[in-house]
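Novice: Below is the structure I would like to discuss, written out as structure tokens.
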Amino acid sequence: MESIVVVFSKPGAGKGTRIGKFEASNGHLFDVLSVGDMLRAERKKQTELGKKAESYMKSGQLVPDEIINEIVINSLKTEKNPVITDGYPRTVAQAEAMLDAGIIPEIVIELEVPDNIVIERAKDRIVCSECGASYTLNEYHAPKKAGICDKCSGKLIKREDDNEETVKERLKVYHEETYPALKVFKNYGVEIYKVDNTKDQEATERFEELLIMALSK
Ligand code: AMP
């Protein structure tokens, strides 16, 4: 199995944007496994999985572990390329399932952003309705052409779960259910690197350095 890097952060703290910026300057060195994007694609196709996930996603809750573990572990096991997991694991049970399946991350990167900034950023976030790429309404990571995705020309929209009430609920879920999963990796001996994601330039450089280091491990 190739290198696996787990990127941990609060929802809306900038994982997608950070990964997008890395790819824009380094090319496609990693496949990106975004569970949120996988689930949104299933909902669009109205599959059984998509229908099951819908109510959880709308209310900012996590989709049950059994459903998520089945799809993600299978997909990680068949990966031929280095992978970044964006939004997995999000619970202690998911982190344990990953290790139990013999999928051991090279490193874990924790992007740090205070809650109040996450709430502010969600107001400015827009995403591609086709490929899921994230942008901002402000100049921080604006698309080249307003309302249009730089990567695939898809239409940019607001996410239904980026309203303030749902963002606060998602933050609560992060603190209660996701943050403790970091400890599972720590106890296993996986190195955890913190990156301050409020400082764009420094975060870009550090994130790049860590991903390149993971590839050479
Ligand atoms: P994201 O796009 O990563 O913010 O994820 C959007 C939503 O998808 C989350 O609020 C959850 O409802 C669901 N989701 C994404 N990843 C997971 C996961 N690892 N476990 C459970 N639910 C997830």
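The values are calculated or read from the model by the stated rules, or taken from the named source; none is laboratory data. Every value quoted in this text rests on a predicted model; they were computed, and no experiment measured them. When we count neighbours, we look across all protein chains shown, and the Cβ atoms used for this are built from the backbone with ideal geometry, even at glycine. Surface accessibility is based on the protein's heavy atoms, side chains included, excluding ligands, DNA and RNA. Shrake-Rupley method; radii C 1.70, N 1.55, O 1.52, S 1.80 Å.
Novice: Report, by residue number, each residue of region 19-64 that is over 18 Å from residue 167 (Cβ atoms), open to solvent by 20 Å² or more (accessible area, probe 1.4 Å) and among the aliphatic types (A, V, I, L, M).
Specialist: Scanning region 19-64 gives 24, 29, 32, 38, 41, 49.
Novice: To continue, here is another question. Suppose we filter 212, 192 for residues that are part of a strand (DSSP E or B) and among the hydrophobic types (A, V, I, L, M, F, W, C); which single one remains?
Specialist: Only one candidate qualifies: 192.
Novice: Something else: Spot the failing condition for residue 190; the list is (1) in contact (Cβ under 8 Å) with a residue 24 or more places away in the chain; (2) of a type outside the set (Asp, Glu); (3) open to solvent by 60 Å² or more (accessible area, probe 1.4 Å), and only one is missed.
Specialist: (3)
Novice: Name the helices (runs of 4 or more DSSP H) wholly within region 14-81 that hold at least 3 residues that are within 11 Å of the ligand (Cβ to nearest atom)?
Specialist: 35-44, 48-59, 65-77
Novice: Can you list residue pairs whose Cβ atoms sit under 6 Å apart, with the first residue in region 40-69 being within 20 Å of residue 131 (Cβ to Cβ) and the second being near the ligand (Cβ under 7 Å from one of its atoms)? Count only pairs 6 or more apart in sequence or on different chains.
Specialist: If the second residue must be near the ligand (Cβ under 7 Å from one of its atoms), the pairs left are 53/39; 53/63.
Novice: Right, here's the next one. Where residues in region 1-56 are hydroxyl-bearing (Ser, Thr, Tyr) and within 18 Å of the chain's Cα centre (by Cα), which of them is nearest to residue 201 (Cα to Cα)?
Specialist: Going through the qualifying residues, I end up with 17.
Novice: OK, next. What number goes with the only condition from (1) in contact with a helix residue (DSSP H, G or I) (Cβ under 7 Å, 6 or more places away or on another chain); (2) on the phi < 0 side of the Ramachandran plot that residue 60 does not pass?
Specialist: Answer for residue 60: the failing condition is (2).
Novice: Mind listing whichever residues of region 82-94 are near the ligand (Cβ under 10 Å from one of its atoms) and not in a strand (DSSP E or B)?
Specialist: Hits for region 82-94 are 87, 88, 89, 90, 91, 93, 94.
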